[in-house]
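The values are calculated or read from the model by the stated rules, or taken from the named source; none is laboratory data. Quantities reported herein were computed from a predicted structural model and do not represent experimental measurements. Here the Cβ is made from the backbone with ideal geometry for all residues, glycine too, and neighbour counts use every protein chain on show.
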């Protein structure tokens, strides 16, 4: 019994030291300009079920999240959308929604899931007026797999 407790204690100490060393290394890289911000775990779309409902009635196709650590974000020739970071999905104007729609309708169908992931990683909310159209494409892609 004491061996188990001692092993867990040692493991905890090793993990704490590793975390401290990692943070110091990242802080040095940040100070030197090697990285622009501290990395964090992002929650992104990764659904495999045909239908699942999450809390607050959000659909699996757009809101199901799986933690994935990813350093690089894929862009789909849509850097201009970064101006809407953090904007609530129900507060887009018609013109702003049209910017998202133009990107959406100019991409290949198979790129849509990756684009949705990219938007989530970049903390961009999809305008409410466009969500149904995206859901239809995502469901069609899943159906054809």
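Annotations
Matching residues to (1) out of contact with any helix residue (DSSP H, G or I) (no Cβ under 9 Å at 6 or more places or on another chain); (2) at pLDDT 90 or above:
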position: 5; (1), (2): yes, yes
position: 17; (1), (2): yes, yes
position: 27; (1), (2): yes, no
position: 30; (1), (2): yes, no
position: 39; (1), (2): no, no
position: 43; (1), (2): no, no
position: 49; (1), (2): no, no
position: 58; (1), (2): yes, no
position: 81; (1), (2): no, yes
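- Criterion (at pLDDT 85 or above, part of a helix (DSSP H, G or I) and surrounded by 14 or more Cβ atoms within 10 Å (Cβ to Cβ)) met by exactly one of 130, 136, 62, 124: 130
- Long-range neighbours under 7 Å by Cβ, at least six apart or interchain, first residue farther than 22 Å from residue 84 by Cβ within segment 119-145, second surrounded by 14 or more Cβ atoms within 10 Å (Cβ to Cβ): 139/61; 141/112; 141/113
- Selected residue (criterion: farthest from residue 38 (Cα to Cα)) from residues of segment 104-121 that are surrounded by fewer than 17 Cβ atoms within 10 Å (Cβ to Cβ) and in contact with a helix residue (DSSP H, G or I) (Cβ under 8 Å, 6 or more places away or on another chain): 109
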